[in-house]
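Take a look at the structure below.
Values quoted throughout were computed directly from the atomic coordinates according to the rules given, and no laboratory measurement underlies them. These figures come from a predicted structure and were not determined experimentally. Ideal geometry is used to build each Cβ from the backbone, glycine not excepted, and the neighbour counts take in all protein chains shown.
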Amino acid sequence: MALLSPELLATLARLGLKSAVRATGRSGGVHRSRRRGVSQEFADHRPYVPGDDIRFLDWHVYGRLDALWVKRFEEHEDRVVQLLIDTSASMEGEKLAYAQQLSGALAFVALGAEDRVAVGAIAERLVAYHAPRRGRAAASSVFTSIESVHPAGTTDLGKGIDAWPRQHGSGLALLFSDLLYPEGPDLALRRLLSRGNEVHVFHLIAPSDLRPALSGDMVLVDSETGEELAATVDEGVLDAYEATVRAWADEMAQTCARNGCGYTRVLTSTPVREVLLGDLRRSGLIT
């Protein structure tokens with residue numbers, strides 16, 4: 001089965017991926033850079049200094065002010081959109097499948113804007129990394145990279161990000177995770193931000209995470225550590241559990257906001273198309 005349907009791809013081809021951070025990428029693209037170059041879009045003036053290219057002297061300003069000023073122009077560059085996918089054991093099943101579809105959709109949008117797209121899998125370390133590729137023609141190979149990730153091991157987002165290769169300039173880092181990480185995501189988010197990235201977290205929650213279909217006496221086993229817990233489950237226990245999970249998810253949203261990161265909570269029963277054209281458009285990430 002293809003990662004994304006042809007119908008969804010046709011819709012994605014008309015969308016854009018917005019970033020609040022000006023690019024400082026490597027090669028020409030469609031995003032405004034923090035540098036000043038010699039493109040055709042005027043930015044501002046600065047006083048002339050010996051050695052400046054006299055072709056960019058503004059003679060109209062000279063006629064008014066009797067002073068030499070040089071025209072500066074916006075330089076447009078590409079950016080690196082970094083897809084960091086949590087592949088720890090707790091993501092196995094619908095959460096990882098959803099992360100693959102959602103990251104694939106956002107990759108397709110980014111490639112259409114001539115962004116470079118890097119893909120990586122993180123568990124207790126950086127499990128896999130695929131260097132940035134650019135252009136819509138690279139979509140197939142990017143999708144293959146996304147589909148090749150598999151769940152295993154515990155979660156250590158910080159260690160995985162430490163091993164993530166530094167990109168040239170700033171970019172957009174998109175983290176797809178269930179955030180089931182004992183230490184919390186603060187340190188990992190700060191490490192991504194310290195590299196000049198704009199960061200957006202997609203918090204993936206399966207319906208069974210909110211209210212598992214369990215009842216009676218049982219032994220619960222942690223999918224990552226193997227730790228066991230004997231429990232008796234009834235409706236009262238499930239109500240308390242769901243309330244705890246929702247409160248924790250709200251705390252994760254507050255953690256992202258406190259660190260200056262975007263946050264989207266995604267229930268995996270929600271169609272990917274609905275998230276893209278609904279939540280992400282409302283948040284401004286998709287245009």
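Taking amide H atoms as placed 1.01 Å from N in the peptide plane, the amide H of V233 lies under 5 Å from those of G216, D217, M218, each 5 or more residues away in sequence or on another chain.
Taking semi-axes √(5λ) of the Cα gyration tensor in Å as calculated from this structure, the corresponding entry among (i) 32, 21, 17; (ii) 39, 28, 18; (iii) 44, 19, 17 is (iii).
Sorting M218, M252, M91 from the fewest to the most surrounding beta carbons within 10 angstrom yields M218, M252, M91. Of the complete DSSP H runs in the chain, those spanning 15 angstrom or more by Cα along the long axis with a mean Kyte-Doolittle score not below 0.5 are 94-112. This ranking places I122, I85 by how few other beta-carbon atoms lie within 10 Å of each, fewest first, which gives I85, I122.
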